[in-house]
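The values are calculated or read from the model by the stated rules, or taken from the named source; none is laboratory data. Being a predicted model, the structure only gives us computed values, none of them experimental. Using ideal geometry, Cβ is built from the backbone for each residue, glycine included, and neighbour counts are taken over all protein chains shown.
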Amino acid sequence: MPAVTVNHIAVVVENLDTALPFWQTALGLPLGKVEDVPAEQVKVAFLEAGESHVELVQPTTADSGIAKYLAKKGAGLHHLCFEVDDIEAALAAMQAQGVELINDTPKERGGRRYAFVHPKSTGGVLVELYDRRVQP
């Protein structure tokens, strides 16, 4: 199997402005970028952590999936994201092994293709896969 690397660890927060000081000041992680993602109804902040990132995710609407997650489970770890060389091949291999996928085919946002693996197949952790090949 090709190399799999950690891209980011996503943490759901109620408010980026109140969450960022811990990550930036206490841990000293530099802020990479903050962006609104209307399609997902979230605002995200990426902090650099070596060759990986911590992604803080704040819901921007009360009825988004992240808002519902926050209301049900509270702030904290949301998912782990791994980069793979070929997302179609990775998804096909997982399906052949009986892994339950949330996305059978990759989605695309900002030139990045991604898919989610259901926590039922991972021991309870939501896993996101990024295709290492960023599209133009």
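Here are a few things to note about the model shown:
- Annotation note: of Ala39, Ala10, the sole residue that is of a type in the set (A, V, I, L, M, F, W, C), in contact (Cβ under 8 Å) with a residue 40 or more places away in the chain and surrounded by fewer than 14 Cβ atoms within 10 Å (Cβ to Cβ) is Ala39.
- Test for Val134: is it touching a strand residue (DSSP E or B) at 6+ places or on another chain (Cβ under 7 Å) and at pLDDT below 95: yes
- Residues of the range 60-78 satisfying the condition of being closer than 21 Å to Asn7 by Cα and either at pLDDT below 95 or surrounded by 13 or more Cβ atoms within 10 Å (Cβ to Cβ) (or both): Ile66, Ala75, His78
- Odd one out for Arg132 among (1) farther than 29 Å from Asn15 by Cβ; (2) crowded, with 19+ Cβ neighbours inside 10 Å: (2)
For (1) more than 15 Å from the chain's Cα centre (by Cα); (2) modelled with pLDDT under 95, each residue gets a yes or a no:
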residue	(1), (2)
Leu20	yes, no
Gly28	yes, no
Val34	no, no
Glu51	yes, yes
Leu80	no, no
